[in-house]
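Working notes for the structure below.
The values are calculated or read from the model by the stated rules, or taken from the named source; none is laboratory data. Quick caveat, the model's predicted, so the values are computed rather than measured. For neighbour counting, all protein chains shown are included, and Cβ atoms are generated from backbone atoms with ideal geometry for every residue, glycine included.
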Amino acid sequence: MTNLPWNRHHIISLADFIPAEYDSILQTALSFQGVLARRTKKVPTLQGQVVANLFFEPSTRTRSSFELAAKRLSADTLNFSPGSSSLTKGETILDTAKTYLAMGTDLMVIRHSGSGVPATIALEMDRLGVGVGVLNAGDGQHEHPSQALLDLLTLCNDLNPEQPSIEDLRGKKVAIVGDILHSRVARSNLWSLTACGAEVHLAAPPTLLPKAFLEAFSAPLITPTGQTIERKVFVHWQLLPALENADFVMALRLQKERMSGHLLPSLREYHQQFGITRDRLKHCAPNVKILHPGPTNRGVEITSDLMDDPKLSLVSKQVASGVAVRMALLYLMGGAKH
Amino acid sequence: MTNLPWNRHHIISLADFIPAEYDSILQTALSFQGVLARRTKKVPTLQGQVVANLFFEPSTRTRSSFELAAKRLSADTLNFSPGSSSLTKGETILDTAKTYLAMGTDLMVIRHSGSGVPATIALEMDRLGVGVGVLNAGDGQHEHPSQALLDLLTLCNDLNPEQPSIEDLRGKKVAIVGDILHSRVARSNLWSLTACGAEVHLAAPPTLLPKAFLEAFSAPLITPTGQTIERKVFVHWQLLPALENADFVMALRLQKERMSGHLLPSLREYHQQFGITRDRLKHCAPNVKILHPGPTNRGVEITSDLMDDPKLSLVSKQVASGVAVRMALLYLMGGAKH
Amino acid sequence: MTNLPWNRHHIISLADFIPAEYDSILQTALSFQGVLARRTKKVPTLQGQVVANLFFEPSTRTRSSFELAAKRLSADTLNFSPGSSSLTKGETILDTAKTYLAMGTDLMVIRHSGSGVPATIALEMDRLGVGVGVLNAGDGQHEHPSQALLDLLTLCNDLNPEQPSIEDLRGKKVAIVGDILHSRVARSNLWSLTACGAEVHLAAPPTLLPKAFLEAFSAPLITPTGQTIERKVFVHWQLLPALENADFVMALRLQKERMSGHLLPSLREYHQQFGITRDRLKHCAPNVKILHPGPTNRGVEITSDLMDDPKLSLVSKQVASGVAVRMALLYLMGGAKH
């Protein structure tokens, strides 16, 4: 794992990640998957280091996944949750972050309902010159990099279990279906999948997928060595064109709060038009697999039987990949400090 | 500890536990009590293993006790609490359990307000063939096995401190007083105490102890070797017949919510009829001891001075036994996986 | 660290601490600062011991600081928070403490909104003869010893970075500004600073600083060897006399709840009269430094730019000192048990 190219202090957005970086993460995560297959699933990599999980927005699965990743690297963890905090006493977010910094935090994992909060904290850490890395664990409707990276690991493991590589994604068709507009998961996946050469097809009602959404992805990715990678993204206001010959279908969680905003008529109508069903999967490639970032509204985004079909659903593998990928990210960032 | 008979993946109910199993748990717990008496109260038994404490119902003492037991076995722990969870986003309980499974959980400790939830999760784990053990930490009004087992350890330690054995329970009279109908503690204790040959006398007002309650215990326990053990359970709608010559009195917590259900006239009247007082203990055996699963309503189930009398109260010893017994259970179940 | 004088089981109040004890804490904390400067910031001192953090009042920074201190001493930690606890079921505080005792807790760190709760629990532990130490992490408006002790470390480190000593505090002028009446931080600092020979000048509106406040500090401190130390405390109802030639200015957090009690006209008027600004600092000694226990109301107690000026503000150093001081306290108390 020692010669992989890596020089980021922070992981905030995947917008400028290049294929070599995705490869570094993939290979590091694969080696940690080996650790996790052992009886003693622990390595001393971050012994004596402190990982602070600052989850200003509640979370079970992502927080537990990061906590477990940190513990398996032998780090000590500090957990911040907003309920019992100084935030209710009017403290600013930056002051909270600086408090955890002063206590001796080495890596900060940050989730916040406001887009841009992890970036702001990362900037402040750089300004202070303290060498502390910030990892965005989901910020508003902006990005959720570790989710997209665990999806990447899941896809590569599925495509080529013997020797997974980001090369296997080239030319694959991935359909992302659902509330694209409000989804940080969709945004991060768009960056990673297109950078690795996959075609991404978005499907949603127009209220959840405005034409302007595409603009962000119209400029190609240019690597330091001058390589130009066009980002292949397509927008569909109907489901079937996105599913046509798709190798993977990623259903997004539908926030029920969207209903009250008049962006959707009803859950039932959404399911009729965009729900993933066994019947509709017939339009996909023969070996199609389904992904979902969870938690799932069974019967809305996807039917319950598909979720539980081990031949079709990669959902459990996504969760398992999450621990390995987060170990990889903490390892790579932790290595950047010292 | 290596040759004790044990072949359960899950601990959900004590209904079919046989004396040899209680003995295995007792002997294992006793050896861990030895560990806990040392300055460094830790063993590497579950190093690198993950114990997930999924407490869908809030709890301080049971959760802390399991957490400490897991840490003293050197396991990593994941704590789930319902407040900040995906459950509020509509995720099913099985999906939550499967998420923790996919993260790499080796043992699940589950508390839920619904009777049967741990059993359902255990069935799903078996169906998936993943070898993960489920431990019921209290489900609705069904069972609370680890509480009954810590009571067993407490009683045996009290009866024969030099060489505790479940044999010492044979023929002993144990009175259980209070809200039997709604008590998972009473149910689990009924299974364990009667299987070990103790006589259990239940005392409560008829609204909290219907005659039909006895039916579950009318069938004898038949062991794999064909031994038949009659379960000796007696119902009393008054306190004194239960206390008469009792060796142990277990007061149950009275849920104040029962009042609103018109099952009880008032706390004061309950205390007058069924409260444990120093005076009433004179009816018991000379060396009678008191147990209470906690938390206590002092002055309702039991007078405050009795709770604090170290010659009479085993309450602190119950709590201490809890850590040793839970270490034993996690150890025995953890051994089943590998 | 082995020959320092120390014989306290509990740390509840600093009222009778003598200079030799402050020196023991300072020297122990300094040696832990050395540990914290290493890559692996961990020592095996409390391996296998259990530190219970019983925070009956919510807290982020103090709880995290104690948790990290305990983990860096390799202790296991148990966290109690009132939300999901048996307190809501009517359990008394003493019963909660005794439950954690029975589980095997070695040291208890207690925060409570009621003045005197940690002292009551410490008395009970002594009565039970269990050798468990109690550390007051803030009780009502009474005391917050670990905060004053981290302030002491911060001041000594600032005055003499090469070889910090409590001797350096002698004759220094420290201004404490703000809601003195309700502040446990002010009370604990008054005891420690005056015992070490500093002059403390209190500044607040009369509603937050009654004349009678001084009476507690009118008696001198008499050490076991018969040394008499006058406590030099001065009261000011205006800001400037307190700032005049001050070496340190400690701004206290203004609880907004005080407004509704008619103790203050408005935050704006408070800031105009008692807010710390760059202009007003000109009255202080040339190398004046600012402290604040946090969380800060920027623009009320102190202007935002002063908080962030690394030449003036010791706020981050206070937080960092907190971990080292709390390691020292747990170490000294833990040593008392065995």
inquiry  = If I filter segment B:253-267 for residues that are in the same structural domain as B:Gly178 (by TED's automatic domain parsing) and under 18 Å from C:Leu94 (Cβ atoms), do I get at least one hit?
reply    = yes
remark   = When restricted to A:Leu155, A:Leu169, the only residue within 25 Å of A:Ser65 (Cβ to Cβ) and under 16 Å from the mean Cα position of the chain (by Cα) is A:Leu155
query = Somewhere in segment A:264-280, is a residue within 22 Å of A:Asp179 (Cα to Cα), in contact (Cβ under 8 Å) with a residue 24 or more places away in the chain, away from chain B (no Cβ under 13 Å) and in contact with a Phe, Trp or Tyr (Cβ under 9 Å, 6 or more places away or on another chain)?
reply = yes
task = Could you identify the single residue in B:Pro164, B:Pro145 that is modelled with pLDDT of 95 or more and either acidic (Asp, Glu) or over 20 Å from B:Leu46 (Cβ atoms) (or both)?
result = B:Pro164
ask   = Is it the case that A:Leu330 is in a helix (DSSP H, G or I) and assigned by TED's automatic domain parsing to the domain that holds A:Ser24?
value = yes
query = What is the residue count in segment A:1-24 for residues that are in contact with a strand residue (DSSP E or B) (Cβ under 9 Å, 6 or more places away or on another chain) and in a helix (DSSP H, G or I)?
reply = 1
message = Take the conditions crowded, with 17+ Cβ neighbours inside 10 Å and within 9 Å of another protein chain (Cβ to nearest Cβ) and apply them to B:Leu14. Does it pass?
response = no
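Select from segment A:291-319 the residues that are assigned to a helix (DSSP H, G or I), within 11 Å of another protein chain (Cβ to nearest Cβ) and free of Cβ contacts under 8 Å to residues at least 40 places away in the same chain and write down the one among them that is surrounded by the fewest Cβ atoms within 10 Å (Cβ to Cβ). It would help to see each step written out before you state the result.
First, the residues of segment A:291-319 that are assigned to a helix (DSSP H, G or I): A:304-307, A:315-319.
Next, from what is left, pick out any that are within 11 Å of another protein chain (Cβ to nearest Cβ): A:304, A:307, A:315-319.
Right, trim to free of Cβ contacts under 8 Å to residues at least 40 places away in the same chain and you get A:304, A:307, A:315-316.
Working: A:Ser304: 11, A:Met307: 23, A:Val315: 26, A:Ser316: 21.
Across segment A:291-319, the extreme among qualifying residues is A:Ser304.
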remark   = Restricting segment C:25-46 to residues that are surrounded by fewer than 22 Cβ atoms within 10 Å (Cβ to Cβ) and small (Gly, Ala, Ser), the one farthest from the other protein chains (Cβ to nearest Cβ) turns out to be C:Ser31
task = Just give me the residues in segment B:187-211 being surrounded by fewer than 20 Cβ atoms within 10 Å (Cβ to Cβ) and under 18 Å from B:Leu153 (Cβ atoms), in sequence order.
result = B:Gly197
request  = Starting from segment B:7-34, keep only residues that are within 18 Å of B:Cys196 (Cβ to Cβ), then list their pairs with residues that are surrounded by 19 or more Cβ atoms within 10 Å (Cβ to Cβ) and acidic (Asp, Glu) whose Cβ atoms are within a distance under 7 Å, requiring at least 6 positions of separation or different chains.
outcome  = B:Ser13/B:Glu143; B:Leu14/B:Glu143
message = Anything in segment C:214-235 that is farther than 11 Å from C:Ile18 by Cβ, at pLDDT 90 or above and polar (S, T, N, Q)? List them, or say none.
response = C:Thr228
query = Any residue at all in segment C:150-158 that is of a type in the set (S, T, N, Q), touching a Leu at 6+ places or on another chain (Cβ under 6 Å) and not in a helix (DSSP H, G or I)?
reply = no
note = Checked against (1) touching a residue at least 40 places away in the same chain (Cβ under 8 Å); (2) farther than 17 Å from C:Ile176 by Cα; (3) in a loop (DSSP other than H, G, I, E, B); (4) within 14 Å of chain A (Cβ to nearest Cβ), C:Val325 satisfies every condition except (3)
remark   = Sole miss for A:Lys211 among (1) at pLDDT 90 or above; (2) more than 21 Å from the chain's Cα centre (by Cα); (3) farther than 16 Å from A:Pro19 by Cα is condition (1)
task = Within segment B:220-233, identify whether any single residue is buried (at least 18 other Cβ atoms within 10 Å of the Cβ), touching a residue at least 60 places away in the same chain (Cβ under 8 Å) and not aromatic (Phe, Trp, Tyr), and answer yes or no.
result = yes
ask   = Do we have C:Thr207 as of a type in the set (Ser, Thr, Tyr) and more than 27 Å from C:Ala137 (Cβ to Cβ) here?
value = yes
